[in-house]
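Below you'll find the structure, written out as structure tokens, and then a few comments.
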Amino acid sequence: MTNVFIDGKEGTTGLQIYERLGARGDVHVVSLPDEQRKDPAARKECINAADIVFLCLPDAAAKESVSLCENERVRIIDASTAHRTDPAWAYGFPELSAAFRKKIAASKRVAVPGCHASGFVSLVYPLVAGGIAPADYPFVAYSVTGYSGGGKKMIAEYEAEERAAALDSPRQYALGQAHKHLPEMQAVCGLSQPPVFSPIVADYYSGMCVTVPLITRFLNKRYTVSYLKEYFAEYYAGQKLIQTAECESGYLAANELSGTDGMRIFVAGNDERILLCSVFDNLGKGASGAAVQCMNLMLGIDECTSLTV
């Protein structure tokens with residue numbers, strides 16, 4: 001039996017992890033009463049008694065929790081931004097390469113990717129790693145997400161009986177190009193500069209579509225749509241949670257995989273201007289699903305255990 005403590009279980013990500021683990025017979029989830037969940041001493045006791053600790057906290061609190069861990073056998077999976085660019089931590093996206101998968105499985109410290117970053121690295125890391133795009137390519141990305149990505153406060157705003165009319169429309173944000181996912185997007189993909197990034201929140205609960213447009217004349221050579229379709233299909237061949245797909249209808253819905261833990265990669269456009277799209281659930285492969293996938297790998301069991309593919 002694996003003892004699990006979710007530090008920050010009351011937040012959206014923590015609740016989703018708890019739901020995914022709830023029906024498992026191989027996991028015992030330790031919980032603190034409400035009056036103790038912010039008590040450092042009580043949290044410290046639970047952290048050091050656990051086999052696996054999930055951190056579903058703001059960055060400062062996540063760092064504090066790591067500092068409370070004194071038991072060397074405890075393995076920590078952090079869903080915050082705090083450790084995603086720290087080389088001492090494994091980056092929790094095993095499909096990027098065999099080396100990423102191996103490091104996650106062996107590590108005692110794993111950082112879960114950000115939701116927008118998950119879509120971006122799924123598209124851009126293979127391009128740079130495969131020598132298709134140079135590290136200084138001027139990448140641009142835009143991402144449409146459901147409002148659950150904003151946490152409890154944003155969920156309450158969107159689901160309020162009386163709400164602002166602006167919430168009826170998709171809203172672009174992080175206009176100052178300082179979104180918190182940009183450092184990991186650049187670092188994980190090995191880019192010489194961060195991309196221009198345009199995140200957009202829309203009036204639906206969950207699901208995400210991250211799009212990266214490519215101008216083929218700026219790549220290392222002129223690659224065709226057909227070539228990149230084959231390249232991504234081969235790159236992710238055999239992966240259980242990532243598949244390549246064709247867009248048959250001419251429309252790509254950002255909520256297509258809502259409620260699941262998988263991801264689909266689409267390649268479209270023409271041989272001069274190509275669109276790469278990654279569709280997944282911001283609460284699934286973009287957060288809680290990815291965290292549980294990492295735990296499964298760390299435990300040496302099927303990575304899809306208690307996940308919805």
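Structure above, values below:
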{"quantity": "Qualifying residue in the stretch 135-149 (condition: in a loop (DSSP other than H, G, I, E, B), on the phi < 0 side of the Ramachandran plot, out of contact with any helix residue (DSSP H, G or I) (no Cβ under 8 Å at 6 or more places or on another chain) and in contact (Cβ under 8 Å) with a residue 40 or more places away in the chain)", "calculated": "yes"}
{"quantity": "Given (1) assigned to a strand (DSSP E or B); (2) touching a Cys at 6+ places or on another chain (Cβ under 8 Å); (3) surrounded by fewer than 22 Cβ atoms within 10 Å (Cβ to Cβ), number of the condition N3 does not satisfy", "calculated": "(2)"}
{"quantity": "Options Y91, Y125, Y142, Y137: the member that is at pLDDT 95 or above, touching an Asp or Glu at 6+ places or on another chain (Cβ under 8 Å) and aromatic (F, W, Y)", "calculated": "Y91"}
{"quantity": "Any pair with Cβ under 7 angstrom, 6 or more apart, that starts in the stretch 296-309 at a residue that is touching a residue at least 60 places away in the same chain (Cβ under 8 Å) and ends at one that is among the acidic types (D, E)", "calculated": "L297/E303; L307/D261; V309/D261"}
{"quantity": "Odd one out for A41 among (1) in contact with a Cys (Cβ under 7 Å, 6 or more places away or on another chain); (2) modelled with pLDDT under 95", "calculated": "(1)"}
{"quantity": "Some residue of the stretch 20-35 being surrounded by fewer than 15 Cβ atoms within 10 Å (Cβ to Cβ) and assigned to a strand (DSSP E or B)", "calculated": "yes"}
{"quantity": "Single match in E246, E303 (criterion: acidic (D, E) and within 19 Å of T211 (Cα to Cα))", "calculated": "E246"}
{"quantity": "Condition broken by E70, with the remaining ones in (1) in contact (Cβ under 8 Å) with a residue 40 or more places away in the chain; (2) in a loop (DSSP other than H, G, I, E, B) satisfied", "calculated": "(1)"}
{"quantity": "Meets criteria (over 19 Å from G284 (Cα atoms) and in the same structural domain as L32 (by TED's automatic domain parsing)) for T85", "calculated": "yes"}
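Listed here are the residues, each with its yes/no results for (1) surrounded by 14 or more Cβ atoms within 10 Å (Cβ to Cβ); (2) touching a Leu at 6+ places or on another chain (Cβ under 7 Å).
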| residue | (1), (2) |
| --- | --- |
| H83 | yes, no |
| A105 | yes, yes |
| Y142 | yes, no |
| T145 | yes, no |
| R163 | no, no |
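The values are calculated or read from the model by the stated rules, or taken from the named source; none is laboratory data. Fair warning: this is a prediction, and the values are worked out from it, not measured in the lab. Please note: Cβ atoms are built from the backbone with ideal geometry, for glycine as well, and neighbour counts cover all protein chains shown.
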